[in-house]
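Let me begin by presenting the structure, written as C-alpha cells, before commenting on it.
Bear in mind these aren't lab numbers, they're just calculated from the coordinates by the rules spelled out. It should be emphasised that the depicted structure is a prediction, and the values quoted were computed from it without experimental measurement. Cβ: placed from backbone, ideal geometry, glycine included. Neighbour counts: every protein chain shown.
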Amino acid sequence: MARGVNKVILVGNLGNDPETKYTQGGMAVTTLSLATTSVRKDRDGNTQERTEWHRVKLFGKLGEIAGEYLKKGRQVYIEGSIRYDKFTGQDGVEKYFTDIVADEMQMLGGGGEGGGAGGGGYRGGDRSERPARTAARQEAPRRDAPPAKSNDFGDDFADDDIPF
C-alpha cells in the first residue's frame, strides 16, 4: 500500500531577519517568517490580495546558511513538509503550531537588505544531531567532447528524412 505525501513548496519574502539557535548538540535551528501573496479578482472586477504567513524551520547546515545569508525582505524558495505540533504551557493552555520543515532552500532575486543577484540552492540532510550535508549543486568538471566523426551516408540521405 502506498504511503502518504507531505510536500510543501513556497516562494515568498521574509518578514524579518532569520533567528538562529543551537541545540545542546550544536545543531543550528533557524526560524523564518515567510509571506506568500496571492492576487485574484472579485465579482466586481476589483483586485484582491491575500497574504499568508508561514513559519519555516531549517536545521543543521541548511539553517546555518539561511541564518547567515538571508535578510528581511529577501525572496526565497522553500521546499519541505508541513508539521503540526501541540504544546501545553505552564498555565495548562494547549497551544498549536504549524511549521514548514525545510529540506531545500533557494535564495531568489535581490530583495531586502540581504541584496545580491541570485543565490545558491541548498539541501539539508537528515535532521539528526550530526551536521547536515550541503548540496550546492556541485558540477563535475567539464570535458571537451571528442571530435565528431565524419559519417558518409552517400547521396541517398537527405535532411528531409530526419523525423524531427
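So the values come out like this:
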| read-out | value |
| --- | --- |
| Across K21/K71; K21/K61; K71/K95, pairs whose alpha-carbon gap is larger than 19 Å | K71/K95 |
| Largest-first principal axis extents of the Cα set of region 19-59 (Å) | 56, 11, 7 |
| Qualifying trypsin sites (Lys or Arg not before Pro) for region 35-80 [loop in DSSP, other Cβ within 10 Å: at most 11] | R43 |
